[in-house]
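Following: one structure in structure tokens, then a few remarks.
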Amino acid sequence: MTLKAVLFDMDGTLVDSESVHFNIWNDILAPFGVHYDEATFCQRFSGRPTLEAAKEVVENYQLTISPQALTDAKYTAFGHFVSANLPALMPHAKDVLEQVKKSGLKMALVTGSAKDEAYPILKGYGIFDWFDCIVTKDDVKNPKPAGEPYQLALKSLNINADEAIAVEDTFTGVTAANNANVSVFAVPNHFTVEHDFSKAAAVMANLQEVFKWVQTKL
């Protein structure tokens, strides 16, 4: 393949934000008497669209709030929190982003988060402008696990699916990349290590391992 771009997921891949998502969910569910433990929540919901998670929670607990209202509350609370409290970057994240940028490859962010969730983090770390293309949940009709977010990124970068690789940490993300015919490398974190990554081209220990592979294609 002729590699022209690397397409990164954000939550759990570049940013250690799964715990923040978990805590925000518990905060907004507390008034309804609903509480998840972190391991159960992250195994069940990591990488899944927020509205899909909200629908499941509302149905399971017969909540009086609508899934959309619950989703909106979560987006607002998360965006407000990360504006003042940046979640930590994943190991090697900033170094790898710099290395990819210096290599001359195009670079995109393809996230299932909303703009109000993703932008404060990217701008807070000063990496927003590093990406040639940013695709959020708000930019597509069908978010991950549909392939539309990756298809939009490919179109924006003016490249073909076989000219890019994706980097993801969840089953949902791997599925999304596959649905867009983009080869995907899985970098599980401790919340997603038990996800099904059988559709990934490879499972890597960390982002630096991914870049070592990228170097072989330059």
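The values are calculated or read from the model by the stated rules, or taken from the named source; none is laboratory data. All values reported here derive from a predicted model rather than from experimental measurement. Note that we place each Cβ from the backbone using ideal geometry, even for glycine, and neighbour counts take in every protein chain shown. Note: areas computed on protein heavy atoms with side chains; ligands, DNA, RNA excluded. Shrake-Rupley method; radii C 1.70, N 1.55, O 1.52, S 1.80 Å.
Dividing the mean sequence gap of close Cα pairs (under 8 Å, 6+ apart) by how many residues the chain holds gives a relative contact order of 27 percent. Computed over the Cα atoms of segment 1-135, the ratio of the radius of gyration to the Kirkwood radius (Rg/Rh) comes to 1.02. Computed in the context of the full set of protein chains, the accessible area of the chain at 1.4 Å probe radius has 48% of its extent on carbon or sulfur. Could you work out how far helix 18-29 tilts from the main Cα principal axis of the chain, as a 0 to 90 degree angle to the nearest 10? Tilt relative to the chain: about 20 degrees. Ignoring lysines fewer than eight residues from Lys123 along the same chain, the ones with Cα atoms less than 18 angstrom from its Cα are Lys94, Lys101, Lys115, Lys137. Distance from the Cα centre of segment 155-184 to that of segment 35-93, in angstrom? About 24 Å separates the Cα centre of segment 155-184 from the one of segment 35-93.
Exposed loop sites are taken as trypsin sites (Lys or Arg not before Pro) in a DSSP loop (any state but H, G, I, E or B) with at most 16 other beta carbon atoms within 10 Å; the longest stretch of the chain without one runs 1-140. In the chain, helical runs assigned H by DSSP with n ≥ 4 each contribute -39500 (n - 2.57); averaged across all residues and rounded to the nearest 500, the mean residue ellipticity at 222 nm is -13500 deg cm²/dmol. At a probe radius of 1.4 angstrom, the accessible area of segment 26-78 per residue rounds to 52 square angstrom.
The long axis of helix 67-84 is offset from the longest Cα principal axis of the chain by roughly 60 degrees. So which aspartates and glutamates can Lys141 reach, going by Cα to Cα under 19 Å and dropping same-chain residues fewer than 8 places off? In chain and number order, the partners are Asp9, Glu52, Asp72, Asp116, Glu117.
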